[in-house]
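Below: the structure, in structure tokens.
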């Protein structure tokens, strides 16, 4: 192992061990294993690849979103400290597949993939198509290892602040040996993946009853919740400390010690999200407005170029973005590769250009555009 890799692992432990209460378990899998393997995991929080890889002696190369390389610190970490494989979220990439095969055949190293692409919004798996991952597993033909993350979303929800010493558990297991992969069809591998990666941190903590401590548990939810389940208002949600408010109804809920909601007919954010998505047809009968900052992405130079603060409007199946100097009108049908990345950035492609939009109501616009595209 290269010295910089070992120093990187030690550095990750120094940074993250004081923040979370990690629990690692290994089932028919050796964390010091040298032989390459294909590792998949459920995507519970934004930094899962770091946590999953930091205890593995010969870490599998992570497949990372290429937008991360436009941030200088992340680019340094992903190119100078570890070896990683860039991929455009939401899109297939022949070059990515070639790099993955090279890692196995030439570098004799495994890879790490989170098939959902997006880390969980509200504590359950993100619906996705596992066929492309299954095809890759079949083509590579090495052992398939699964890292099951439990409590990761509750410890560090992507929309909010991490819980100090939050319980974060990872169970590594041999999901399919290479002999089984060799005799399995792509459809059978796809079925194994889809069943394995299902998770729900709320259901998990109903049994575990682990306390997560924070004085600001609700802060950040106002960017992801856009529908009030009491008055059915849109874009009326606000937060303060552990409490959730509606501009019309006042205080409507509190997040308790176990991360469950109190004061509503349901006790978790998964059900709240299902409700707000069902309300989209009515919400989109009127224009939707927000504000943020628009960036154009230059992947050749790995730079994000700010185009300025922007006013954003979604009306008549068109996304209008206006800054001080430029104005765009993007028909929804022309928007491709739509992804909510990091906490509040919506990335998308139009023609041959990639844009980033840091948006206050990011989840509303993600859901609305996805709905209007019929996806």
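Values quoted throughout were computed directly from the atomic coordinates according to the rules given, and no laboratory measurement underlies them. Remember, it's a predicted structure, so these values are computed and weren't measured experimentally. Because the Cβ atoms are built from the backbone with ideal geometry, glycine has one as well, and the counts that use them run over all protein chains shown.
How many nm separate the modelled label positions at residue 108 and residue 164, each set 7 Å beyond the Cα in the direction of the Cβ?
Distance between the two pseudo-spin positions: 4.7 nm.
Would you mind pulling out the separation of the Cα centroids of segment 272-313 and segment 65-118, in Å?
Here the answer is 26 Å between Cα centres.
So how tilted is helix 269-278 from the main axis of the chain? Cα-based, degrees 0 to 90, rounded to 10.
60 degrees
Would you kindly state how much longer the chain becomes between residue 300 and residue 247 on full extension, computed as 0.36 nm times their sequence separation minus their alpha carbon distance, in nm to one decimal?
That works out to 14.6 nm of additional length.
Roughly how many nanometres apart are two label points built 7 Å out from the Cα toward the Cβ at residue 10 and residue 231?
5.7 nm
Do you know the relative contact order of segment 221-278, to the nearest whole percent, from alpha carbon pairs under 8 angstrom that are 6+ apart?
Relative contact order here is 23 percent.
By how many nm would the segment from residue 274 to residue 309 lengthen if fully extended, with 0.36 nm per residue of separation less the alpha-carbon distance?
Separation in residues times 0.36 nm, less the Cα-Cα distance, equals 9.5 nm.
In whole angstrom, note down how far apart the Cα centers of segment 1-38 and segment 161-227 are.
19 Å
Rounded to the nearest 500 deg cm²/dmol, what is the calculated helix-only ellipticity per residue at 222 nm for the chain, with -39500 (n - 2.57) per DSSP H run of length n ≥ 4?
-7500 deg cm²/dmol
Provide the percentage of antiparallel DSSP beta bridges, counting only those with both residues in segment 3-208; round to the nearest 5.
Bridges in segment 3-208 are about 30 percent antiparallel.
Pull out the extension gain between residue 98 and residue 334, defined as 0.36 nm times the separation in residues minus the alpha carbon to alpha carbon distance; nm, one decimal.
82.1 nm
Over segment 132-185, what is the relative contact order in whole percent, taking alpha-carbon pairs under 8 Å and six or more residues apart?
46 percent
If you take the square roots of the eigenvalues of the alpha-carbon gyration tensor of segment 221-278 and sort them as a ≥ b ≥ c, do you get rounded (a/c under 1.5), prolate (a/b over b/c) or oblate?
Oblate shape, in that a/c is at least 1.5 and b/c is the bigger or equal ratio.
Mind sorting 116, 293, 207 by how few other Cβ atoms lie within 10 Å of their own Cβ, fewest first?
207, 293, 116
Please work out the FRET efficiency for the pair residue 323 and residue 258, using the Cβ-Cβ distance as r and a Förster radius of 45 Å; give the result to the nearest 0.05.
The formula returns an efficiency of 0.55 here.
Any chance you could give the angle, 0 to 90 degrees and rounded to 10, that helix 94-105 forms with the longest Cα principal axis of the chain?
Helix 94-105 sits roughly 30 degrees off the main axis of the chain.
Order of 43, 167 from fewest to most other C-beta atoms within 10 Å?
Listing 43, 167 from fewest to most nearby Cβ atoms yields 167, 43.
Pull up the DSSP beta bridges for the chain and report the antiparallel fraction as a percent, rounded to 5.
About 75 percent, rounded to the nearest 5.
Between residue 185 and residue 57, how high is the FRET efficiency from 1/(1 + (r/R0)^6) when r is the Cβ-Cβ distance and R₀ = 41 Å? Nearest 0.05.
0.80
Enter the angle in degrees (range 0 to 90, nearest 10) between the Cα long axis of helix 186-196 and the first principal axis of the Cα atoms of the chain, meaning the one along which they spread out most.
70 degrees
Hey, rough spin-label estimate for residue 266 and residue 211, points 7 angstrom out along Cα→Cβ, what's it come to in nanometres?
2.8 nm
Relative contact order for segment 24-96 using alpha-carbon pairs under 8 Å, separation at least 6, rounded to a whole percent?
27 percent
Quick check on segment 288-372: take the gyration tensor over C-alpha atoms, sort the square-rooted eigenvalues as a ≥ b ≥ c, and tell me if it's rounded (a/c under 1.5), prolate or oblate.
Rounded shape, in that the Cα axes give a/c under 1.5.
Classify segment 3-208 as rounded, prolate or oblate, taking a ≥ b ≥ c as the square roots of the eigenvalues of its Cα gyration tensor: rounded when a/c is under 1.5, otherwise prolate if a/b is larger than b/c and oblate if not.
rounded
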